[in-house]
1. How about the stretch 83-96: which of its residues are open to solvent by 20 Å² or more (accessible area, probe 1.4 Å), touching a residue at least 24 places away in the same chain (Cβ under 8 Å) and not charged (D, E, K, R)?
2. Is there any pair with a first residue in the stretch 110-130 that is of a type in the set (D, E, K, R) and a second that is modelled with pLDDT of 95 or more and open to solvent by less than 10 Å² (accessible area, probe 1.4 Å) whose Cβ atoms are under 6 Å apart and which are 6 or more apart or on different chains, and what are they?
3. Give 17, 6 a once-over and let me know the one that is surrounded by 12 or more Cβ atoms within 10 Å (Cβ to Cβ) and at pLDDT below 85.
4. Say we look at the stretch 20-74 and pick out the residues that are among the hydroxyl-bearing types (Ser, Thr, Tyr) and within 14 Å of residue 241 (Cβ to Cβ); which of these is surrounded by the fewest Cβ atoms within 10 Å (Cβ to Cβ)?
5. Looking only at residues in the stretch 175-217 that are of a type in the set (A, V, I, L, M) and buried (at least 21 other Cβ atoms within 10 Å of the Cβ), which one is farthest from the chain's Cα centre (by Cα)?
6. I want to confirm something. Restricting to the stretch 246-272 and keeping residues that are within 21 Å of residue 94 (Cα to Cα) and of a type in the set (S, T, N, Q), which single residue is surrounded by the fewest Cβ atoms within 10 Å (Cβ to Cβ)?
7. Hey, does the stretch 232-245 have a residue that's under 28 Å from residue 151 (Cβ atoms) and open to solvent by 60 Å² or more (accessible area, probe 1.4 Å)?
8. Of the residues 225, 252, 270, only one is free of Cβ contacts under 8 Å to residues at least 12 places away in the same chain and either aliphatic (A, V, I, L, M) or in contact with a Lys or Arg (Cβ under 8 Å, 6 or more places away or on another chain) (or both); which?
Amino acid sequence: MTEILATATTHAARAHARAQAGTVTDSMPIVPATAWPTPPGGRAASMTLAETVPGGRYTSKALARGTRLRLRDLHGAACAHLLVFRADAPHERLNVADTVKVPWQAYLGVGHPLLSDQGRVLATVVADTSGKHDALCGTTHCAGNTAKYGAGELHSHSPAGRELFTVAAAKHDLMPRDLPPSLSFFHGVRVADDGTLTSTGTAGPDTFVELLFHLPVIVLVANTAHPLDPDPEFATSTVEILAWQAPADLDALPNTDPEYHRAVLNTEDAWAAASSGTEN
C-alpha cells in the first residue's frame, strides 16, 4: 500500500523514480562498464560490459572485434546459453554443427572455435576453468519447461531459453526465425557409446570461460536451466558477464590445428574487405 501511495500521482511517481538513481540490482548492466568495482586483471580502462544476470533472465550486447568476454558461474548453478551474430552482417551467425564438425571435437574447451556457416571464426575459447559445457542439446522451449517446471513463458518463474532469446534478439532487429541452435556454458553433457546424451552437471561455483571475438558481433545470453538438468526445480543461479578490449590477443591464439588456421584466414580476409569498405 505504501508503494502505491508513493506513486499515486505523476509528481510522486517522478520523485520515487528519481530516488532510485544510483541503485544497483543483480539484473542490470553497470554504465559505464569501467565503473565495475572488480575488473579482471586491473583492466578497468578497457572494460566495455559488466553485469550480472540472474537465473531466468537474459542480456544482449554488440561487441567489437578483439573483445574478450568472460562468463562466470558465481554460485555453481548457472547455465549461460549463447548465440552470436556478425554485427555488420547478421545473416552470418553461429553454426553449432560446424562448430563441432570442423575441429573434429564435440566438447568445448580452450582453443575451440565458434564458427559461422561461412567458414569463419566468430570467437575462440581462450580460457576455461569449468570444462562443463554443451554444444549438442541447444536451449529449452516453453512446452518443455512447462512440462518440467510448470511454466516456460517469458515472465514466469522458469522462462525457457527460446523465449528469452526471442526478446533479446528483437532488441537487435532479429526475428524468431533468425535464432539458430545455441551453445550452453556451465552444464556439461557427454555422449555414451549408444548415442545417449547424459548430463554431467556443473563444475561448481566461481568457474569461468572466456571468449575472444574475431569479428564485430551481437551476443545474446539466456541464463536458464539446461534441457537435461536433472533438478526437478528451476534453480538456475546468477552468471557474471564481463567484457574488455583485448585486440592484441588476436595475435596469440591458442590453436595451431590446420582447420582452425584456415578458418582464421577466412575471417581475416572477410574483415580486411569489410574494414576497407569493399564488399566481401
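The values are calculated or read from the model by the stated rules, or taken from the named source; none is laboratory data. On a predicted model such as this, the values are computed, not experimentally measured, just so you know. Because the Cβ atoms are built from the backbone with ideal geometry, glycine has one as well, and the counts that use them run over all protein chains shown. What goes into the accessible areas is simple: the full protein's heavy atoms, side chains included, and nothing from ligands, DNA or RNA. Shrake-Rupley method; radii C 1.70, N 1.55, O 1.52, S 1.80 Å.
1. Correct list: 87, 90, 95.
2. Once the first residue is of a type in the set (D, E, K, R) and sits in the stretch 110-130, its partners that are modelled with pLDDT of 95 or more and open to solvent by less than 10 Å² (accessible area, probe 1.4 Å) give 120/267; 120/270; 128/209.
3. That would be 6, the only listed residue that is surrounded by 12 or more Cβ atoms within 10 Å (Cβ to Cβ) and at pLDDT below 85.
4. Initially, the stretch 20-74 is screened for residues among the hydroxyl-bearing types (Ser, Thr, Tyr), giving 23, 25, 27, 34, 38, 46, 48, 52, 58-60, 67.
Among the residues that remain, those that are also within 14 Å of residue 241 (Cβ to Cβ) are: 27, 38, 48, 52, 58-60, 67.
Details: 27: 14, 38: 9, 48: 18, 52: 21, 58: 24, 59: 22, 60: 20, 67: 25.
The extreme case among them is 38.
5. Checked the stretch 175-217; the qualifying residue farthest from the chain's Cα centre (by Cα) is 189.
6. Checking each candidate, the answer is 266.
7. yes
8. Details: 225 fails: free of Cβ contacts under 8 Å to residues at least 12 places away in the same chain; 270 fails: free of Cβ contacts under 8 Å to residues at least 12 places away in the same chain.
Every option except 252 fails the conditions.
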